[in-house]
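Read the structure below first, then the notes.
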Amino acid sequence: MLRRAVIAALTGLVLAGPAAAEPQELLPGLTYERRIEFTTRGPVVANVLTVPRPGGLWQLKPVLSSETILGTERLTAMEARYAAKGTVAGINGDLFLPDGHPTGMLMRNGALDQPPLAGRSSIGLDASGALQIARVTMLATWQGSGPRRALTDVNGPAGPNGVSLFTTAWGTATPSAPGAVELTLSQLPAATPNVELTSPVAAVSANGGTGIPPGGAVLSARGAAAQRLQNEATLGSTIKIRLILKPAWAGVIDALGGGPVLVRNGKPIFRANEQFTADQLLPRKARSAIGQLADGRFLLVTADGADAAYSTGVTNFELALLMAKLGAVSASALGSGNSAAMAFDGRLVSRPSAPELPVGDAVLALYAGVYVPPALEAVLSPNGDGLAEQQRLSYKVVRASTVTTTLIGPDGDPRAASTTTVGPGTYSFDWPGTKQDGAPELEGRWRWVVTATDDAGQASSAERSFDLNRTLGFPATVPAPLGVPRSAPRSVATFKLTRPATVVARIATASGVVLRTLPSAHAETGDVDVAWDGATDGGAVVYSGRYVAEVTATNELGSVTLGAPFTVRRNGPRQ
C-alpha cells in the first residue's frame, strides 16, 4: 500500500510541474492530458480529454442531473449512474439556476427538453457526429379547434398569459400554478422539433400539480391563454403542437445550452456579443468548453481555477485561445466557476478549488467496448518483502460478450490465456508473478491483452502493461527518531538491492510533498542506506512529524520506487 501511495504522490508532483504530462490513454482512442502554462498572472492548469468522434462503440451526449430539469447532481454521480451503459468520461454542462434548471437549450435523443436561449449559443451534436454551434430560437404553437396559438415554453412555468408544455423531463407532475388550466395529453409523442405532434385530451384540471403521464405530456396555460385553451381544447378533442427551431438544425439529435462561441473556423473569437455580462466573461476562474478537431475528434476541456498557487483560471477569451491552440475548428464555452469539473470513470481528474459541487447537466462520452483498468501494481515485485507480491488484472464489459484474455511475458510468449462468455460486469485475474511450479518468472515488461465481441457483434480490444522487477525491496525504518537540527546526516531507512542500479533517494512529507532530493548514485547489490540531515533542498530545518524516505532504483529492467516512513523530532540546538 505504501508503494502505491508513493507512486501516486510522485505522479501528482510530475503533473504539477512546469511541463505538460504526456497524454495518457484512458480508453482505446480517448486520452487525457494535463497542460500547465506559467503566465505573468500565475500558473494555469488545463485538463484535456480528446474523445473519438461518436459512432460505433462511442457516444457523446448531454446528461440531465437525476434525469429531471429541476435538481442537481455531482458529475461523478452522473458517471456512476451511466457506468452500466459504458465506461464514462465527461465534464460539466450548461450554466444553471439555483434550482438546477439549465439556462439554455437541452435536447436528448431527438426530444426537446428545454428551448434555446436566443441570445446565447446552443451546442448541437448531429447524427453524423458533427458539432454544430449556433444561436437557435424556438417558435412553438398549439392548436385546438381554433387557430394556431403561441406556446411560450417547454418545461418551464407558464408566464401570466403564457402556455407551457411539460414532458416527463420535468418530473412526475407540473408545478403548482393557481388559476392555471391544464390538459393531460396521454398520447403525445416525444417532443421532436420541426414536426407536428398530436394527442387527444385525456383530462382537464386546474391549478397545477397535474401528473405527467409516461409517454405523454401536460399543456398548462395561465391568464387569457387559459381561457382560450379551455374554449378550444375540450376533453376528447385533439391538440396539435409544433416546436419549430430556427435554424431547423436538421439531423441534430442532442443539444445543450452554452456559450459564448469560442472558436469558429479555427479562429478564436474575442467578442461574440452574446447575452453574458462582463462579470461572467472577464474574471479568471475555472471554465469548461467543448470543441471539435478537424479530424472529427472532440475536445472536452476544463481549466482549473481560484487557486493562485496551483491554477489561477482563465478569462473567457483566454479559454478561446486555449481551444484554438489545442486545434479546435469550432468550440463553445460551457459552465464556469466552482462547478466546472472533469471526471473519468466516476472520479474527478480536474482539481476544483472546493469540494465537488452538483451541476444541472453534463456532457458525457460513453464507450461500450471492453475496458481494462490499470494493473493494481505498476511494478510487481514478488520478492518476499510483503509489498506488491501479487498482481490483480481486470476488465469490464457492459454487454454479454465473448472475451479472450492473454498474459504475455517479456519474451513475447503467452503465459495464461482463456476464452469465456460473460455477462455485463467487471472480472479480475490474480497472478503471483511466478510460474505454475512456483519458480520465479522473467523480469521485464508484461502485457495483459483483452479482446471482446459483444452480443451485438461489436468487437473491441484493450491492453495494459506492467513491470515485473525484483531489483528493490525490503524497506526498513531506523526506529530511533531523527533529531534535528543536526550537523551531519544520519541513517533514517534502509533498502535491499538484488542487482546493480542507479539509486535516487528523496525525503517527502507523509502527504507526498518532496522536501529534499539526495544526489543519485550507482549502487551494487546489497543494502542501500538513506541518510539525511533534516534539511530541505532550500536549507530549512523541518519540524517534528512523520516523513517518508523514498528510493527509486533504475536499471535495464526499468524503475522501482519504494518508501519507508520514519519520525523526526525537532530539538533546540544543533547536535
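The values are calculated or read from the model by the stated rules, or taken from the named source; none is laboratory data. Since this is a predicted model, take the numbers as computed values, not measurements. Please note: Cβ atoms are built from the backbone with ideal geometry, for glycine as well, and neighbour counts cover all protein chains shown. Side chains are part of the model used for accessible areas, which takes the heavy atoms of the whole protein and leaves out ligands, DNA and RNA. Shrake-Rupley method; radii C 1.70, N 1.55, O 1.52, S 1.80 Å.
General observations
- Candidate aspartates and glutamates for bridging to K267, where Cα separation is under 13 Å - those fewer than 8 sequence places away on the same chain excluded: E318
- Residue-averaged [θ]222 nm for the chain, counting only DSSP H segments that reach four residues, each worth -39500 (n - 2.57): -2000 deg cm²/dmol
- Charge dipole of the chain about the Cα centre (unit charges at C-beta), most positive-ward option of L442, S336, T87: S336
- Over all other residues within a Cβ to Cβ distance under 15 Å of A130, the charged ones net out to +1, with Lys and Arg as +1 and Asp and Glu as -1.
- Dipole of the chain, positive end: most advanced residue of L64, P116, V379 [Cβ charges, Cα centre]: P116
- In a fully extended conformation the segment linking D295 and K85 would gain 73.0 nm over its present Cα-Cα distance, using 0.36 nm per residue.
- Computed about the Cα centre, the dipole magnitude for the chain is approximately 1160 debye when only Lys and Arg (+1) and Asp and Glu (-1) carry charge, each at its Cβ.
- For the chain: accessible area per residue (Å², 1.4 Å): 41
- In the chain, the longest principal axis of the Cα atoms and the axis of helix 223-232 are about 60 degrees apart.
- Counting only protein heavy atoms and using a 1.4 Å probe, the accessible area of S511 comes to about 100 Å².
- Fraction of accessible area attributable to carbon and sulfur, region 375-528 (%, probe 1.4 Å): 53
- Residue range of the chain that is longest and free of chymotrypsin sites (Phe, Trp or Tyr not before Pro) which are both DSSP loop and sparsely packed (at most 15 other C-beta within 10 Å): 271-542
- Cα-based helix-to-principal-axis angle, 316-325 vs the chain, degrees rounded to 10: 70
- Restricting region 37-117 to trypsin sites (Lys or Arg not before Pro) in coil, as DSSP defines it, with at most 15 other Cβ within 10 Å: R41
- Relative contact order for the chain: 14 percent, from Cα pairs under 8 Å spaced at least 6 residues apart, divided by residue count.
- Extent of region 145-269 along its three principal axes (Cα atoms, max minus min coordinate, largest first): 54, 28, 26 Å.
- For the pair region 60-125 and region 244-298, the centres of their Cα atoms are 15 angstrom apart.
- Alpha-carbon Rg with Dmax, taken over the chain, Å: 29.5, 98
- Carbon-plus-sulfur accessible fraction, region 186-334 (probe radius 1.4 Å, protein heavy atoms only): 54%.
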